[in-house]
Amino acid sequence: SLGNTIDFLLCAKRDARSAERFFRKALKVAHSQLPRVINVDKNAAYPIAVEELKTEEIIA
C-alpha cells in the first residue's frame, strides 16, 4: 500500500517461464507480505505466469 518495490529482474529473455520464476522468488521471501496489487508492464508473459500461480493457489 506504500508503493514499495518488492523485487525486480533484468534479463535477456522475457517469457512466461522466467516471469513465473521471478514471481515465485519475489513472493516466497519470508520478510515480505503478499502484495495487494502487482504492477507490471504490458509484456504478454506476465498474465500467463499470474494465471499459473493462481491455478496453484500461490496468489489469489
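Structure data summary
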read-out: In the stretch 39-58, the residues that are over 14 Å from L9 (Cα atoms) and either open to solvent by 40 Å² or more (accessible area, probe 1.4 Å) or out of contact with any Asp or Glu (no Cβ under 9 Å at 6 or more places or on another chain) (or both); value: K42, A44, P47, I48, E51, E52, K54, T55, E56, E57, I58
read-out: Residue list for the stretch 1-10, restricted to those being under 13 Å from the mean Cα position of the chain (by Cα) and open to solvent by less than 80 Å² (accessible area, probe 1.4 Å); value: D7
read-out: Test for K25: is it open to solvent by 80 Å² or more (accessible area, probe 1.4 Å), in contact with an Asp or Glu (Cβ under 8 Å, 6 or more places away or on another chain), modelled with pLDDT of 85 or more and of a type in the set (D, E, K, R); value: yes
read-out: Scope the stretch 1-17; condition in contact with a helix residue (DSSP H, G or I) (Cβ under 7 Å, 6 or more places away or on another chain) and at pLDDT 80 or above; matching residues; value: R14, D15, A16
read-out: Of all residues in the stretch 11-22 being touching a residue at least 12 places away in the same chain (Cβ under 8 Å) and among the aliphatic types (A, V, I, L, M), the one that is surrounded by the most Cβ atoms within 10 Å (Cβ to Cβ); value: A19
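The values are calculated or read from the model by the stated rules, or taken from the named source; none is laboratory data. All figures in this text were calculated on a predicted structure; none of them were measured in a lab. Every residue, glycine among them, receives a Cβ derived from its backbone with ideal geometry; neighbour counts consider all protein chains shown. All accessible areas refer to the heavy atoms of the entire protein, side chains included, with ligands and DNA or RNA removed. Shrake-Rupley method; radii C 1.70, N 1.55, O 1.52, S 1.80 Å.
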